[in-house]
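The values are calculated or read from the model by the stated rules, or taken from the named source; none is laboratory data. Predicted model, so just to flag it, every value in this text is computed and none were measured. Here the Cβ positions follow ideal geometry from the backbone for every residue, glycine too, while neighbour counts run over all protein chains shown.
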Amino acid sequence: MVREWDPRTASSAEIASLLDTLNAVLAVDLPQDPPWQESSLREYLSEVMPGERRISWVTQAEPAANGMAGAILGQVHVLLLGDIGVLEVLVHPAARRTGLGRDLVRVAARRVYQEGFQSIGVEVVGDTPAVAFYESLGFAREYVETRSVLELSGVDWVELAEMATGIGAGYHLEFCPGGPPDDLIEAYARAKAEVRDVDDGELRPSSYDPERLRDSLDCLHRRGMKPYIVLALHEQTGEVAGLTEVVVPAQHPTRADQYDTIVVQDHRGYGIDRAIKARMLLELRSAEPQLTEVQTWNAQANEAMLKVNAELGYRPDREWCEYSVDVAELVHRLDAPH
Ligand SMILES: CC(C)(COP(=O)(O)OP(=O)(O)OC[C@H]1O[C@@H](n2cnc3c(N)ncnc32)[C@H](O)[C@@H]1OP(=O)(O)O)[C@@H](O)C(=O)NCCC(=O)NCCS
């Protein structure tokens, strides 16, 4: 039985049970990833950007189930944004291959269809059962990125400090814990807007105007994800020439997520990319002493960025793919006899 579920009002026992299922999934699908903690998990599941909606459903174990009575065995949520629904499904390893994943997607897909959306997108981690699952449902691969992980224990901090200062004359770096300061937010948004064409895929839209950017930072904070930013400022114009963003999530505070790194076209070739990323790692080392790893996602075609990441010590880990499907086709397929 799949039922709609609101993480805002869910009992603490349900949140704890979902966390257990998530960690059981991670242990089999991504055993190198740190397990999640409960801090801000409810907020992580509830909070959205203005204009977006997230709808969730769960399946619980039957009261008679062996040792798992009432446990949340499966969960699906769909984030409705723009003209796309972004789906996430989770089935406990002990409950897989019984059709539960398919049931969860069916319920979510019907709702997305009723709400008038055209397509559903999903992030799929390479070398996990999710690949065969989504392909069996007719999802097609749109975009592939590589996730890379940097182990901080292997970093040469002296060399890194040199990288952080190896920047062309006329630029200086600024560390901004929490987000860009108010007086720089417009320049920050301009830098992001300028490189939007080469930005990553559609499932992780960035924010290009100052208001949207503030909303996005507020949303991150509410979800328990602490942003850190390093800016490269062009002294002559005061423009933001480059920026890099890292988020430390309360749910897995030993592994940070490196988000966007951007160097504006006119300012390329001055070592800004390497310097801002190196400075970020140096700052994180003192601001977040519990941190042991940083992960990042890059398009495989982005050779310049991959080269800098390799110099910093990032090691490619997995393919991270975006799949999508036409909603009407998906609903039709799921309603047909299997
Ligand atoms: C992907 C996932 C949702 C599938 O759940 P499930 O309940 O096992 O899926 P179903 O039983 O509904 O399977 C439907 C179909 O998908 C395909 N499929 C699912 N798992 C498969 C596997 N391991 N190998 C091959 N095909 C598979 C099959 O075609 C299956 O139909 P069949 O069993 O009749 O052959 C589940 O494995 C999961 O939760 N994975 C983690 C997803 C995730 O987001 N992780 C993020 C952190 S890694």
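Summed over segment 161-170, residues that are outside any helix (DSSP H, G or I) and buried (at least 20 other Cβ atoms within 10 Å of the Cβ) total 1. Within segment 92-106, being within 9 Å of the ligand (Cβ to nearest atom) and small (Gly, Ala, Ser) holds for ALA95, GLY99, GLY101. Inclusion of ASP83 among residues that are under 28 Å from GLN32 (Cα atoms) and of a type outside the set (Phe, Trp, Tyr) is not warranted. Exactly one residue among ALA95, ALA69, ALA61 is in the same structural domain as PRO7 (by TED's automatic domain parsing) and surrounded by fewer than 18 Cβ atoms within 10 Å (Cβ to Cβ), and that residue is ALA69.
With the condition kept exactly as written, say whether any residue in segment 45-67 is among the basic types (Lys, Arg) and farther than 20 Å from SER136 by Cα. Yes: segment 45-67 contains one or more residues that are among the basic types (Lys, Arg) and farther than 20 Å from SER136 by Cα. Does VAL158 qualify as being modelled with pLDDT under 95, β-branched (Val, Ile, Thr) and away from the ligand (no atom under 16 Å from the Cβ)? Answer is no for this residue.
Could you check, for segment 53-68, whether at least one of its residues is more than 16 Å from PHE133 (Cβ to Cβ), of a type in the set (Asp, Glu) and out of contact with any Ser or Thr (no Cβ under 9 Å at 6 or more places or on another chain)? So far as segment 53-68 goes, yes, one or more of its residues are more than 16 Å from PHE133 (Cβ to Cβ), of a type in the set (Asp, Glu) and out of contact with any Ser or Thr (no Cβ under 9 Å at 6 or more places or on another chain).
Being of a type outside the set (Phe, Trp, Tyr) and either near the ligand (Cβ under 10 Å from one of its atoms) or without any contact (Cβ under 8 Å) to a residue 12 or more places away in the chain (or both) is a condition met by at least one residue of segment 167-180. Taking every residue in segment 122-144 that is closer than 18 Å to HIS92 by Cα and in the same structural domain as VAL105 (by TED's automatic domain parsing) and pairing it with any residue that is more than 6 Å from the ligand (Cβ to nearest atom) and among the small types (Gly, Ala, Ser), at least 6 positions away or on another chain, yields no pair with a Cβ-Cβ distance below 6 Å. Of the helices (runs of 4 or more DSSP H) lying entirely inside segment 264-335, those carrying at least 1 residues that are over 21 Å from TRP157 (Cα atoms) are 303-312, 327-335. Please indicate, with yes or no, whether at least one residue in segment 70-88 is part of a strand (DSSP E or B), in contact with a His (Cβ under 6 Å, 6 or more places away or on another chain) and within 25 Å of GLU319 (Cβ to Cβ). Among the residues of segment 70-88, at least one is part of a strand (DSSP E or B), in contact with a His (Cβ under 6 Å, 6 or more places away or on another chain) and within 25 Å of GLU319 (Cβ to Cβ), which makes the answer yes.
The rows are residues; the columns are (1) assigned to a loop (DSSP other than H, G, I, E, B); (2) in contact with a Pro (Cβ under 9 Å, 6 or more places away or on another chain); (3) of a type outside the set (Phe, Trp, Tyr).
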{"residue": "ILE15", "(1), (2), (3)": "no, yes, yes"}
{"residue": "ASP33", "(1), (2), (3)": "yes, no, yes"}
{"residue": "GLN37", "(1), (2), (3)": "yes, yes, yes"}
{"residue": "ARG42", "(1), (2), (3)": "no, yes, yes"}
{"residue": "PRO63", "(1), (2), (3)": "yes, no, yes"}
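Right, ALA130: part of a helix (DSSP H, G or I), within 28 Å of ALA13 (Cβ to Cβ) and within 21 Å of the chain's Cα centre (by Cα) or not? It is true that ALA130 is part of a helix (DSSP H, G or I), within 28 Å of ALA13 (Cβ to Cβ) and within 21 Å of the chain's Cα centre (by Cα). No other residue among VAL89, VAL112 is farther than 24 Å from LEU213 by Cα, within 13 Å of the ligand (Cβ to nearest atom), in the same structural domain as GLU329 (by TED's automatic domain parsing) and not polar (S, T, N, Q) apart from VAL89.
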